[in-house]
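Read the structure below first, then the notes.
The values are calculated or read from the model by the stated rules, or taken from the named source; none is laboratory data. Quick caveat, the model's predicted, so the values are computed rather than measured. No Cβ is skipped: glycine too gets one built from the backbone with ideal geometry, and neighbour counts run over all protein chains shown. Heavy atoms of the whole protein, side chains included, go into the accessibility calculation; ligands, DNA and RNA do not. Shrake-Rupley method; radii C 1.70, N 1.55, O 1.52, S 1.80 Å.
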Amino acid sequence: MMDDQALLRYSRQIMLPEVDFEGQERLQSAHAVIIGAGGLGSPAALYLAAAGVGRITIADADHVELSNLQRQIAHQQSSIGLNKAHSAQASMCALNPHCQVVALDQHVEGESLERLVASADVVLDCTDRFSSRYAVNAASQKAGVPLVSGAAIRFSGQLAVFDPRNAECPCYACLYPPDESGDEALSCSESGVMAPLVGLIGCFQAVEAFKLLSGAGSAHQGLSTFDGLSGQWRHFLVPRDPACPVCAQRL
């Protein structure tokens with residue numbers, strides 16, 4: 001049950017009929033996993049903590065560098081040299097001390113990743129490498145846990161939700177077949193990125209996670225891309241690949 005302070009803190013959400021008390025209580029009992037505490041993970045983590053998600057696990061093995069501060073808003077000047085997951089944890093708890101935040105300062109992979117994803121109600125992929133995205137996608141498909149995927153580079157961003165509970169929903173490997181995505185080196189450090197762009201995509205990831213956890217609205221369908229230079233969104237319907245090596249067994 002929410003006390004008076006919680007009712008006041010979340011009052012602007014509770015007054016939304018699509019959320020109400022029941023949706024807020026679902027948020028408070030939920031577990032979100034965020035893989036990556038950088039440009040995408042920072043706003044996603046802060047907003048989910050502020051919104052009242054009861055438990056959030058955030059994983060990142062990297063340490064905060066000066067060049068990160070241009071866009072990774074969960075970290076401050078004083079965070080330089082600290083592990084990103086622990087730095088983000090401190091910011092999230094300062095924003096909402098009632099949110100239980102678990103920081104994992106390591107690359108989560110293999111069986112550890114599968115166990116972590118299986119323990120979640122939603123997982124947010126906020127990484128910037130194809131190898132990480134494929135691993136998180138595979139764990140999501142195996143566990144039957146919805147995956148909110150975001151990416152941003154230069155002036156371009158994209159958002160997709162892959163929900164294995166939906167028989168018609170594709171997975172990340174349907175969209176980007178493993179044998180066709182050789183651009184492993186493409187990352188912000190090599191190619192650059194506009195600071196607000198990662199915030200935009202990370203916030204949209206938080207929106208989708210919020211809906212999935214609270215029961216408000218419906219999940220995003222297909223793939224949406226954003227061009228920061230023109231300010232235009234484009235939306236693409238993505239069918240399931242019946243020959244997908246990851247999710248074909250669900251067909």
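Values for this structure:
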quantity: Any pair with Cβ under 9 angstrom, 6 or more apart, that starts in the stretch 192-210 at a residue that is touching a residue at least 60 places away in the same chain (Cβ under 8 Å) and within 10 Å of residue 154 (Cα to Cα) and ends at one that is assigned to a helix (DSSP H, G or I) and open to solvent by less than 40 Å² (accessible area, probe 1.4 Å); calculated: 198/42; 198/43; 198/188
quantity: Residue within the stretch 82-101 that is of a type in the set (A, V, I, L, M, F, W, C), closer than 30 Å to residue 250 by Cβ and open to solvent by 20 Å² or more (accessible area, probe 1.4 Å) present; calculated: no
quantity: In the stretch 1-22, the residues that are in contact (Cβ under 8 Å) with a residue 40 or more places away in the chain and part of a loop (DSSP other than H, G, I, E, B); calculated: 10, 16, 18, 19
quantity: Given (1) over 16 Å from the mean Cα position of the chain (by Cα); (2) under 28 Å from residue 173 (Cβ atoms); (3) hydroxyl-bearing (Ser, Thr, Tyr); (4) open to solvent by less than 40 Å² (accessible area, probe 1.4 Å), index of the condition residue 79 fails; calculated: (2)
quantity: Scan of the stretch 41-58 for residues that are out of contact with any Leu (no Cβ under 9 Å at 6 or more places or on another chain) and of a type in the set (S, T, N, Q), ordered by number; calculated: 42
quantity: Of residues in the stretch 155-170 being touching a Cys at 6+ places or on another chain (Cβ under 9 Å) and under 20 Å from residue 226 (Cα atoms), the one surrounded by the most Cβ atoms within 10 Å (Cβ to Cβ); calculated: 162
quantity: Residue within the stretch 220-239 that is open to solvent by 40 Å² or more (accessible area, probe 1.4 Å), of a type in the set (Lys, Arg), modelled with pLDDT of 95 or more and not in a helix (DSSP H, G or I) present; calculated: yes
